[in-house]
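Quick notes on the structure that follows.
The values are calculated or read from the model by the stated rules, or taken from the named source; none is laboratory data. A quick note: this is a predicted structure, and the numbers were derived from the prediction, not measured. Glycine gets a Cβ as well: all are built from the backbone with ideal geometry, and neighbour counts include every protein chain shown.
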Amino acid sequence: MKEFILNLLPRLKKYSETLDQQELFVEQPWVVLDEDGNKQQYIFRRNGRLMMSLNGKGTEGKWELIPNAQSMWIDMGEEKLLLNHAFFNRGVMLLKRDGYKGDIMVLANPNVVPNLNIAQYLQQFIDNADRGIRERNLTDVAGYINNQHNLTNEQVELEFLHHSGATYYIRGTDSFNDVKGKPIFYLGMPLEDGSYVSRNDRIIKVERGIITLSGYLAYLENNRGRFNVITDASREAKIGNQIFFKKYGDITNDYIKVYRSGYYDYYHVQLGKIVDIKEVQFVTIIIGLVIVLILILVGLSK
């Protein structure tokens, strides 16, 4: 992981906060996972005390900020370190040991990076930043969303197909049936625009961090392939449901014929929505074909 972070560091630096913004890290939990998987936690107290814990066993030290050098002096008792600023935001702090080129201390705030997947968090952060979205701006967006939507502490958790193991939080509700119009967050930041499908076939569309469409996926299949229908919890295709083939919005005007046991369903689609459904029994089709055949034969016999 450290090698990945060191390779990412040149891109991260221009988006970093400075250590003199102490309010972003004091009185916050900061966790380091060592090579053996042991969890070390540090809390920088406002009075200069440093609380340290290794797998729950606590010790105490001191810390001091050197603003002009963008460095931090850490006194652990037997060991004293001078650590230089490499990158810092509210979720991750990267500090380089003075005099050692490749020695970097990686700390994560579990309140911001709850799964402690620092590499994933930084990759998401730099992707957003490179698109011109600074984390400070995202924090402002999140604050704006919270104010506009009068959020409670209730939330829905979803796991989506394209991020295995990742959890997205929909704030302000505890029911998926009520997520439309609610904000959604990933790694503490508003989710980028797009359509997302969860592992249990729930679908949402996100615009500017807000869910603008939500529903359940149902499927219609014929010899052309499988069509996706956004339905309610019944998962039955109905008039008014949105339908697409491979990607959202790719059907403008079409008739889709689906065979079911004993009959066909004809779905008329306009501008991506089902506008009419007709059911034709298979027996009716056969009778119709027989009548047409009889009329043809009668016409030929004359």
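Annotations
- Region 63-93: number of residues that are farther than 27 Å from Ala119 by Cα and of a type in the set (S, T, N, Q): 1
- Some residue of region 20-27 being surrounded by 11 or more Cβ atoms within 10 Å (Cβ to Cβ) and either of a type in the set (Lys, Arg) or modelled with pLDDT of 90 or more (or both): yes
- Selection within region 22-56 - more than 14 Å from Leu116 (Cβ to Cβ) and in contact with a Pro (Cβ under 7 Å, 6 or more places away or on another chain): Ile43
- Among the residues making up region 96-150, a single one is at pLDDT 75 or above, in contact with a Gly (Cβ under 8 Å, 6 or more places away or on another chain) and among the small types (Gly, Ala, Ser): Ala108.
- Condition met for Ala233 (in contact with a helix residue (DSSP H, G or I) (Cβ under 8 Å, 6 or more places away or on another chain), closer than 19 Å to Asn177 by Cβ, among the hydrophobic types (A, V, I, L, M, F, W, C) and touching a residue at least 12 places away in the same chain (Cβ under 8 Å)): yes
One line per residue, one yes/no per condition, for (1) outside any strand (DSSP E or B); (2) of a type outside the set (Ser, Thr, Tyr); (3) exposed (fewer than 11 other Cβ atoms within 10 Å of the Cβ):
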site	(1), (2), (3)
Asn7	yes, yes, yes
Leu12	yes, yes, no
Thr18	yes, no, no
Val32	no, yes, no
Gln41	no, yes, no
Met51	no, yes, no
Glu64	no, yes, no
